[in-house]
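Heads up: the structure comes next, in structure tokens.
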Amino acid sequence: MLPLRPVCGGIWRAAVHTVRMSRGAPPYRLFSSTCDGAPAALADADTIFALSSGHGRCGVAVVRVSGPASATALRCMAGFTQRLPPPRTALLRSITDPRSTEVLDRGLVLWFPGSVPGLRPAEAGEFTRRAFQAGKLGLTEVEGLGDLIHAETEAQRRQALRQMSGELGRLYQDWSDRLKRCLAHVEAFIDFSEDELIEDGVLNRVDVSVSDLQAEIERHLKDERRGERLRSGVQVVIAGATNAGKSSLLNKLCQRPAAIVSPIAGTTRDVVETALDLGGFPVLLSDTAGLRDSSDLVEREGVRRARERVEQADLTLVVVDSAHLPSEVDRAAAFLREHLRSVLPDTDRCLLVLNKADLLPEKQRQKLDTELRGVSGLPAVRLISCQTNEGLKAFLTVLHSSVKTLCGDPLFGAPTLTQARHRAHLQRCAAALAQYQRYRDTDLALAAEGVRLAVTSLGRITGRVGAEEILDIIFKDFCIGK
Amino acid sequence: MLRKKLPFLHSLLSPVSRHVGHLTGHQYDVIVVGGGHAGTEAAAAAARVGAETLLITQKIHTIGALSCNPSLGGVGKGQLVKEVDALDGLCGRAGDWAGIHFSILNRRKGPAVWGPRAQLDRQRYRDFIQSELLSTPRLTMVEGSVEELLVTEPNPEEPGHHRVTGIRLANGSHAISARSVVLTTGTFLSGSLFVGQTTSPGGRIGDAPSSAGLSHTLRERLGLRTGRLRTGTPPRIVKDSVDLSLAKLHLPDSHPTPFSFLNTHTHCKPEEQLPCYLTFTTPGVERVVRESLQLNCHIQQDTKGPRYCPSIESRVLRFPGRSHQVWLEPEGVTSDLLYPQGLSMTMPPDIQLRLIREIPPMRRAEIHTPGYGVQYDFVCPTQLSPALQVKSTQGLFLAGQINGTTGYEEAAAQGLWAGANAARSALSMPTVTLSRTESYIGVLIDDLVSRGVTEPYRMFTSRAEFRTSLRPDNADLRLTPKGFEEVGCVSSVRYQESLRVRNSLQDALTALQALFLSTSSWKKKLPSVPISETKSTLLTGLDLLQYNDVTFEMLASAFPESLSSFMEFAQRLKIEAVYKPHCDLNKKEIERIQREENMSLPQDIDYFSLPVSLSDEVREILDRVRPSTLGAATRLEGITPAAVVNLLNYVRVTEKKKETPQYFDGERVREDTA
């Protein structure tokens, strides 16, 4: 393992070079084995390396090398000409390019003794896959680990940890167990009821269980993508008329001049994106071109993109220039309603930001601030000034709580969906249960097929369910005599 | 069509040889040992494929005997009977001849799980089977007890591998040679009978035990792993001594449905059918069982018995305080006996009498023959190929209870398949396999050879993951063409009939799809059907036939010109229409399984040194079971998804060296096996 500080491009190139250099007669096997150990399994014969600490903003970068030629890599890149340092001991070393001997960076190096004998870049997820293939991790755990590795914020990390510890796995396992029991009881009714004392009540109980499960799975699916959002970041889009101060708001939120601001209307013509951590939640903030009709081709494209972003947004911040508001509160509310309609398809997920509050007389400011709250047909309204920072703190509190609602609190309530893969299987599962309801009274074989498909779909997440397992439940629950 | 009369048996006994002297030195293609359900189907199938076949049994007159219950078919089992019939086997037609009470179980649960079933007349069943075998060309039957299986010395190039060369009969030095041998010894392999505290060697009351020589050859010479199972049968009750007015009358279907695709009606006329009776156990039964446990050897043994055909002892011990069903079934038209289904027992005969008299209709009942238990050896079926051939012994095939199954239908299905393959092997043709995606027989064999058994194996519809496609109504379409074209076990008459049916059904479906009308036109044509008006789309006749209340007859009377010629298939068409969308959905999964089944794992892999990342436990399982395909490996208990991915990679690498076949990507495999 060669942990280093963020700028690791040089290390990366050096490692790639080391690999290319080593492409001699047998591909990927340039280095002869210098380590002792048991013969490697076929799949593990290559030496692989990867940036293990995720891409993008990282405080610390970890480059991990695994395989038979790791020792050679450590020797020629960390300057151990004679022998390796003691294992499991971190040493501060200069990391050098083995070819030019140019110093690339300084960092901690340490190694762990492994078993075996070439070097190639790891395929995506290969370290994890190796652990998975070695039977060390279950499937949901592997996915949880992937998220943990990619976790950029505290909330994401907590969710990934929850999944690793199997909370989501347990939820799915519980569903799977209940579904298996439903299937076993339907199957018992099909295979044995003609000769045995299996009363019709069995099917009625299955009906209830199937409805319950269907409702629970659909509720889980209707978490409105919260889990996925927490993994990929909440899409927050700043939209509104030109010159309302949208770019200023973006710069305030990310605390750096990410977008160019000027008094000229139409300064922002494309989407400006920036990622930020909002109280532990990942947010992908986009500033967009001001919405207006324009004859300028470039600006028209910018407006089209802005509208597209608004369509896809999890949350839209509609920024309005306070100076354009009618002074009467009633008329101001009507104006804002009209304005929102021109910006958004629906007002469910938006916050109204009245910018340039500093330009209003103090009296009007207070009136607006108190009276616009709770006006029907309007979302949460906040007066701010990007110039004087007035109201920014209160606005951030509202924004944080909106984002938190969108993600769901990872420490509270039922675990949320974190994988698109899970979503697809669960949707199939719910649809299959609907098939049970559809055929329940006309064709029990087709109804049972529905439950069987549901079990199979969940099994794609929790693990395969075999016919024997179903029969075991049948014989445990019923006295079958023929 | 059923023949109107069975040939009078005794006049036909001459081709049956009771003396075996002249057979010595004779070379047969196939020798079948055993005359039960597996043996008779095996012998008949081998002869149909074209092999000179010899059936050896202890007593000619017990050929085709129903040792236990006088019935055939049922849920899951009925599907097997239909499939055996589709492959031109005997049991379906025998059932149509001998049936005295026909009913389709699960009638209200959907055609995929209908269970055709019949109570049988024991004598008629046996007569039919014997007469059928006697008239089968290339088939000879002989009485005798097999002492030894003759095999070659192990092949020095393949240690542990033998070839079968024939058999040696008991009490004499008669060796009869054959290229293939099918063993269908039922419960006779090291069989022991149990009644009360008495134990005696044997496989069935009234028959001599089989020789220990055969067990010895299998275990010691061939090194086959065996296990021990148990089963039992109830006492037979004197009918006149039972007060049937105290039991619930159970009538058969008013229109008996034949098993065989060749029959339009059963031998028994509808009005001549006999009823069954239902009664229940009382607390007294449980008391008798508990009081007599000390006197009951069989029940104290921990040998595995069937969970689903348990003795009355196991039933009351496992589910105490309950009332259990007992069916009183007729044994035949002229029989004076009743068969109490559900009362299999092994206690001493005097206690058996006490027990049955605790059940109201049998207060004064007399026992004709006491019930008894049997324990017997079976050969762990994971040592067999999907052709039911012992992997280590070329030419040796096993079928029936010797493979750990229970039930007539399971035995018949294996017998047919083992017999057909034994003949093909003897005639130097490649063996054939049936996929679990195309038949219950395939499910049965795949479960046996790739998973093995821990208790007597019985068929259930829930074992067939594609049961909506593997229906009793379409067994002929699924298997008859294959049976003729690829296996050679189907007569050309049956083959031609199956083609006629297939083409007619196809034409009818085409005609239905050609009826393409708006919802309002359909409403005019079929005013009684609640067709949703909101649907503005056009509907075909096939769509309409999927409606619950629409029958093919209704459509045919609305469109007589295009549909009336298909009235013969009205029920089959209705079923096809309802199931078609589901079968289409099944197709993708079926194709995936078939691809996995096409990826064979070499039989000589040394799993312990295989350079693939596998746990020791997985290596141990694979080495023990030696699955013949990746598909079979996937279904093994204890095989992890990771192990399958690694095996898949291995198969890919080794296969790639030979050819460049099409495979699916690894990602999908991981998903599917997870």
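The values are calculated or read from the model by the stated rules, or taken from the named source; none is laboratory data. Computed from a prediction, not measured in an experiment: that's the story for all the values here. Note: ideal-geometry Cβ built from the backbone for every residue, glycine included; neighbour counts use all protein chains shown.
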Can you pull out the residues in the range A:281-301 that are surrounded by fewer than 17 Cβ atoms within 10 Å (Cβ to Cβ) and either among the charged types (D, E, K, R) or in a loop (DSSP other than H, G, I, E, B) (or both)?
A:Arg292, A:Asp293, A:Ser295, A:Asp296, A:Arg300, A:Glu301
Would you mind finding the one in B:Thr382, B:Thr393, B:Thr405, B:Thr454 that is surrounded by 24 or more Cβ atoms within 10 Å (Cβ to Cβ) and over 20 Å from B:Ala51 (Cβ atoms)?
B:Thr405
The range B:109-139: number of residues that are in a helix (DSSP H, G or I) and among the aromatic types (Phe, Trp, Tyr)
2
Residue identified as in contact with a helix residue (DSSP H, G or I) (Cβ under 6 Å, 6 or more places away or on another chain), more than 14 Å from chain A (Cβ to nearest Cβ) and acidic (Asp, Glu) among B:Glu438, B:Glu409
B:Glu438
If you go through the range B:466-485 one residue at a time, do you hit one that is aliphatic (A, V, I, L, M), touching a Gly at 6+ places or on another chain (Cβ under 9 Å), within 14 Å of another protein chain (Cβ to nearest Cβ) and closer than 19 Å to B:Ala38 by Cβ?
no
Among B:Ser462, B:Ser498, which is the only one that is assigned to a helix (DSSP H, G or I), within 14 Å of chain A (Cβ to nearest Cβ) and touching a helix residue (DSSP H, G or I) at 6+ places or on another chain (Cβ under 6 Å)?
B:Ser462
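Quick grid of which residues meet (1) more than 11 Å from chain A (Cβ to nearest Cβ); (2) modelled with pLDDT under 80:
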position	(1), (2)
B:Glu576	yes, no
B:Gln594	yes, yes
B:Ser613	no, yes
B:Val645	no, yes
B:Arg652	yes, yes
Enumerate the pairs (first residue in the range B:201-214 and in a strand (DSSP E or B); second residue anywhere and crowded, with 17+ Cβ neighbours inside 10 Å) with beta-carbon separation below 8 Å, excluding pairs fewer than 6 apart on the same chain, so at least 6 apart or on different chains.
B:Pro201/B:Gly191; B:Pro201/B:Ser192; B:Pro201/B:Leu193; B:Pro201/B:Pro209
Could you check the range A:175-257 for helices (runs of 4 or more DSSP H) lying wholly inside it with 3 or more residues that are at pLDDT 80 or above and not polar (S, T, N, Q)?
A:201-221, A:246-254
For B:Thr673, are the conditions met, namely being touching a Lys or Arg at 6+ places or on another chain (Cβ under 8 Å), surrounded by 13 or more Cβ atoms within 10 Å (Cβ to Cβ), at pLDDT below 80 and facing chain A (nearest Cβ under 10 Å)?
yes
Residue list for the range B:175-195, filter: buried (at least 20 other Cβ atoms within 10 Å of the Cβ) and over 27 Å from the mean Cα position of the chain (by Cα)
B:Ile176, B:Val195
Within the range B:215-324, considering only helices (runs of 4 or more DSSP H) that don't extend past its boundaries, which have at least 1 residues that are touching a strand residue (DSSP E or B) at 6+ places or on another chain (Cβ under 6 Å)?
B:297-300
Cβ contacts < 6 Å: first residue in a helix (DSSP H, G or I), restricted to the range B:605-631; second residue crowded, with 17+ Cβ neighbours inside 10 Å and aromatic (Phe, Trp, Tyr), any location; separation 6+ or different chain. Result?
B:Arg619/B:Tyr607; B:Leu622/B:Tyr607; B:Asp623/B:Tyr607
Cβ-Cβ under 6 Å, sequence separation 6+ or interchain: first residue in the range B:251-280 and closer than 26 Å to B:Gly89 by Cα, partner buried (at least 18 other Cβ atoms within 10 Å of the Cβ) and among the hydroxyl-bearing types (Ser, Thr, Tyr). Which pairs?
B:Pro252/B:Ser103; B:Asp253/B:Ser103; B:Pro256/B:Thr266; B:Pro258/B:Thr266
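Table: residues versus (1) buried (at least 20 other Cβ atoms within 10 Å of the Cβ); (2) touching a Phe, Trp or Tyr at 6+ places or on another chain (Cβ under 6 Å); (3) within 11 Å of chain B (Cβ to nearest Cβ); (4) at pLDDT 85 or above.
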{"position": "A:Gln387", "(1), (2), (3), (4)": "no, no, no, yes"}
{"position": "A:Gly413", "(1), (2), (3), (4)": "no, no, no, no"}
{"position": "A:Glu449", "(1), (2), (3), (4)": "yes, no, yes, yes"}
{"position": "A:Leu453", "(1), (2), (3), (4)": "yes, no, yes, yes"}
{"position": "A:Arg464", "(1), (2), (3), (4)": "no, no, yes, no"}
{"position": "A:Ile470", "(1), (2), (3), (4)": "yes, no, yes, no"}
{"position": "A:Ile474", "(1), (2), (3), (4)": "yes, no, yes, no"}
(1) over 22 Å from B:Asn296 (Cα atoms); (2) away from chain A (no Cβ under 14 Å); (3) in a strand (DSSP E or B): which one isn't true of B:Asp377, the others all being true?
(1)
Output for Cβ contacts, cut-off 6 Å, separation at least six or different chains, first residue within 9 Å of chain A (Cβ to nearest Cβ) in the range B:311-324, second among the β-branched types (Val, Ile, Thr), reads B:Ser323/B:Thr281; B:His324/B:Thr281
Scanning the range B:427-441 for residues that are of a type in the set (Gly, Ala, Ser) and surrounded by fewer than 24 Cβ atoms within 10 Å (Cβ to Cβ) gives B:Ser428, B:Ser435
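Residues checked against (1) modelled with pLDDT of 85 or more; (2) more than 38 Å from the chain's Cα centre (by Cα); (3) not basic (Lys, Arg):
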{"position": "A:Val298", "(1), (2), (3)": "yes, no, yes"}
{"position": "A:Glu301", "(1), (2), (3)": "yes, no, yes"}
{"position": "A:Arg305", "(1), (2), (3)": "yes, no, no"}
{"position": "A:Glu308", "(1), (2), (3)": "yes, no, yes"}
{"position": "A:Leu315", "(1), (2), (3)": "yes, no, yes"}
{"position": "A:Val318", "(1), (2), (3)": "yes, no, yes"}
{"position": "A:Val329", "(1), (2), (3)": "no, yes, yes"}
Can B:Ser504 be described as surrounded by 12 or more Cβ atoms within 10 Å (Cβ to Cβ), modelled with pLDDT of 95 or more and small (Gly, Ala, Ser)?
yes
Check whether at least one residue in the range B:553-574 is outside any loop (DSSP other than H, G, I, E, B), within 14 Å of chain A (Cβ to nearest Cβ) and buried (at least 17 other Cβ atoms within 10 Å of the Cβ), and report yes or no.
yes
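Conditions tested, residue by residue: (1) surrounded by 15 or more Cβ atoms within 10 Å (Cβ to Cβ); (2) over 26 Å from A:Val271 (Cβ atoms).
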position	(1), (2)
A:Val320	yes, no
A:Ala332	yes, yes
A:Asp346	no, no
A:Ala394	no, yes
All but one of (1) part of a loop (DSSP other than H, G, I, E, B); (2) crowded, with 18+ Cβ neighbours inside 10 Å hold for B:Leu338; which doesn't?
(1)
